[in-house]
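> Before I ask anything, here is the structure I am working with.
What follows draws every value from the coordinates through simple rules; no lab data is involved. Worth saying up front: this structure is predicted, and the values here are computed from it rather than measured. Glycine also receives a Cβ, built like all others from the backbone with ideal geometry; neighbour counts cover every protein chain displayed.
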Amino acid sequence: MEIIVNDSSKIVEIWLSSAEKDSTAVHNSLKPVYAAYKAKKYKVAVFQSGSGNLFGNTKDLLLHNRRA
């Protein structure tokens, strides 16, 4: 797990690995983190590792956005 706090934009990024994203213990341990930053009026974004093809999915997303 990696937690990145950007004070200038009031955003907290939490990056979870494949093993961590399915762990109830990890999610429960993050509840106090959410509460602490909510009290400071920060936005918390949680990013979870996926199982798809990163290159292919990114390429498809960029092509879709280009057509829109």
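> Within the group S8, S23, which residue is hydroxyl-bearing (S, T, Y) and within 17 Å of the chain's Cα centre (by Cα)?
S23
> Let me ask something additional. Can you tell me which residue in the stretch 21-65 is surrounded by the fewest Cβ atoms within 10 Å (Cβ to Cβ), limited to those that are touching a residue at least 24 places away in the same chain (Cβ under 8 Å) and charged (D, E, K, R)?
Looking at the filtered set, the residue picked out is K41.
> Counting just the residues of the stretch 1-18 that are polar (S, T, N, Q) and within 19 Å of K38 (Cβ to Cβ), which one comes out surrounded by the fewest Cβ atoms within 10 Å (Cβ to Cβ)?
Residue satisfying both the conditions and the ranking: S8.
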